[in-house]
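Undergrad: Have a look at the structure that comes next, please.
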Amino acid sequence: MIAVLRHGTNEKQIQSLTSWLRAQGIDVHISKGSQHTVIGLIGDTSKIDADLLESLDIVDSVKRISVPFKSANRKFHPDDTVIKVGDTSVGGDVFTLIAGPCSVESMEQVGEIAKSVKASGATMLRGGAFKPRTSPYDFQGLKADGIEMLLEAKKQTGLPIVTEIMNANHLPLFEVVDVIQVGARNMQNFELLKELGRTKKTILIKRGLANTLKELLMSAEYVMAGGNENIILCERGIRTFETYTRNTLDLSAVPMLQELTHLPVIIDPSHATGVAKLVKPMAMAAAASGADGLMIEVHNDPAHALCDGAQSLTPEAFDELARAVRRVVEAVKEI
Ligand code: PEP
Ligand code: MN
């Protein structure tokens, strides 16, 4: 249930309404938008008399919301969420460009890539240190050393760092990380999501290979229910019967999610296609669809990458992509 308050309601009136609701066992989520303050009621609202609530002087309207995700729901929070990450931010009018190797392989590799993607306009550096590989015999990542190298690359370039967590026990290592990624394979690792909800870190949640948008939103809800509202959603392709591409990019996820949630939505065309030459056209399409940003895999020597070389762009190809995407973003703003 949500209660939209009348324009001009003061802090004291909001406080007295929320303590009345809390006394009835209802948790409240307050969102102060540009137009209205919206109070989201979380918990068993069946006992709340909607007519009584609506009759209060400060309440403009009351709506029952039957969808299971509340904190992530745009109805609870009409304005876009803008998340501050270092000196940059994600969401709202900002277009975020996250780029870097699939995996951190050495200091030279990640340092070189970080410098080049920064020069092309990337706003954050990605790089896997703990890798979720299908085969246990494949490169599993440099783990703690990989995070150290990302940190050094951050020192050299100033770019905030994004890297994937696979196990909540590793959280102490992620203290220094700016954005913690929950990979597609862990999207429904609910114990991990609960732990991340107890942190204040920005969490980037990737859509699972075979998960619906509702399930993605419920995963965000797990983190938000723990008190952490700094979440970025990422569409990275879903598994279909198609075999020419690694996955199928579901671009309709962008406008759909943006209607359903206030959280920023980004696209990862690298994992979505698995084919380097398809990354630029899909990145442009993502920008045209209104995405809040992109996550792109870039490698200085794709042919010898330890992971995902076939979908990795060279720094030169990334530069071209960044130029093209900027033009699309500008065009979209004008439409
Ligand atoms: C990655 O970003 O390197 C990755 C493993 O992505 P996904 O979880 O989307 O497969
Ligand atoms: Mn990868």
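Undergrad: Which residues, counting only those in segment 60-76, are buried (at least 19 other Cβ atoms within 10 Å of the Cβ) and under 22 Å from Ser16 (Cβ atoms)?
TA: Once the filter is applied, which keeps residues that are buried (at least 19 other Cβ atoms within 10 Å of the Cβ) and under 22 Å from Ser16 (Cβ atoms), segment 60-76 yields Val62, Phe76.
Undergrad: Please verify whether segment 57-70 includes one or more residues that are at pLDDT 90 or above, under 25 Å from the mean Cα position of the chain (by Cα) and not charged (D, E, K, R).
TA: Looking for residues that are at pLDDT 90 or above, under 25 Å from the mean Cα position of the chain (by Cα) and not charged (D, E, K, R), one finds at least one in segment 57-70, hence yes.
Undergrad: Moving on to the next point. Return the only residue of Gly111, Gly128 being within 16 Å of ligand 2 (Cβ to nearest atom) and either closer than 20 Å to Gly309 by Cα or not assigned by TED's automatic domain parsing to the domain that holds Asp178 (or both).
TA: The conditions single out Gly128.
Undergrad: Here's another thing I want to ask about it. Can you pull out the residues in segment 84-108 that are within 16 Å of ligand 2 (Cβ to nearest atom) and either under 19 Å from Pro269 (Cα atoms) or open to solvent by 10 Å² or more (accessible area, probe 1.4 Å) (or both)?
TA: Ile98, Ala99, Gly100, Pro101, Cys102, Ser103, Glu105
Undergrad: Would you pick out the residues in segment 42-59 that are out of contact with any strand residue (DSSP E or B) (no Cβ under 7 Å at 6 or more places or on another chain) and either open to solvent by less than 70 Å² (accessible area, probe 1.4 Å) or touching a residue at least 40 places away in the same chain (Cβ under 8 Å) (or both)?
TA: Thr45, Leu56, Asp57
Undergrad: Sticking with this structure for a sec: When segment 252-290 is examined, which residues are found to be hydrophobic (A, V, I, L, M, F, W, C) and touching an Asp or Glu at 6+ places or on another chain (Cβ under 6 Å)?
TA: Across segment 252-290, the qualifying residues are Ala253, Val265, Ile266, Ile267.
Undergrad: Check segment 272-282 and report whether any residue there is surrounded by 19 or more Cβ atoms within 10 Å (Cβ to Cβ), closer than 23 Å to Val82 by Cβ and either of a type in the set (A, V, I, L, M, F, W, C) or within 12 Å of the chain's Cα centre (by Cα) (or both).
TA: Within segment 272-282 (the criterion being surrounded by 19 or more Cβ atoms within 10 Å (Cβ to Cβ), closer than 23 Å to Val82 by Cβ and either of a type in the set (A, V, I, L, M, F, W, C) or within 12 Å of the chain's Cα centre (by Cα) (or both)), the answer is no, since none of the residues qualifies.
Undergrad: Sticking with this structure for a sec: Out of all the residues in segment 165-175, which are closer than 14 Å to Phe130 by Cβ and surrounded by fewer than 24 Cβ atoms within 10 Å (Cβ to Cβ)?
TA: Met166, Asn167, Ala168, Asn169, His170, Leu171, Pro172, Leu173, Phe174
Undergrad: Give the number of residues within segment 308-327 that are surrounded by fewer than 19 Cβ atoms within 10 Å (Cβ to Cβ) and of a type outside the set (Ser, Thr, Tyr).
TA: 11
Table: residues versus (1) within 18 Å of Ile266 (Cα to Cα); (2) in the same structural domain as Val110 (by TED's automatic domain parsing); (3) within 16 Å of ligand 2 (Cβ to nearest atom).
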| position | (1), (2), (3) |
| --- | --- |
| Ser135 | no, yes, yes |
| Gly158 | no, yes, no |
| Asn167 | no, yes, no |
| Glu175 | no, yes, no |
| Lys214 | yes, yes, no |
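Undergrad: While we're looking at this one, here's another question. In the list Ile98, Ile39, Ile30, which residue meets the criterion of being in contact with a Gly (Cβ under 8 Å, 6 or more places away or on another chain), part of a strand (DSSP E or B) and either touching a residue at least 24 places away in the same chain (Cβ under 8 Å) or under 30 Å from Pro132 (Cβ atoms) (or both)?
TA: Among Ile98, Ile39, Ile30, only Ile98 is in contact with a Gly (Cβ under 8 Å, 6 or more places away or on another chain), part of a strand (DSSP E or B) and either touching a residue at least 24 places away in the same chain (Cβ under 8 Å) or under 30 Å from Pro132 (Cβ atoms) (or both).
Undergrad: Taking segment 44-81 only, how many residues are part of a strand (DSSP E or B) and closer than 26 Å to Ala220 by Cα?
TA: 3
Undergrad: Could you figure out which of (1) touching a Lys or Arg at 6+ places or on another chain (Cβ under 7 Å); (2) charged (D, E, K, R); (3) away from ligand 2 (no atom under 16 Å from the Cβ) isn't true of Arg323?
TA: (1) is the only condition that Arg323 fails.
The values are calculated or read from the model by the stated rules, or taken from the named source; none is laboratory data. Just so it is clear, the model here is predicted, and its values are computed rather than measured. Ideal geometry is used to build each Cβ from the backbone, glycine not excepted, and the neighbour counts take in all protein chains shown. We work out accessible area using only protein heavy atoms, side chains counted, and drop any ligands, DNA or RNA first. Shrake-Rupley method; radii C 1.70, N 1.55, O 1.52, S 1.80 Å.
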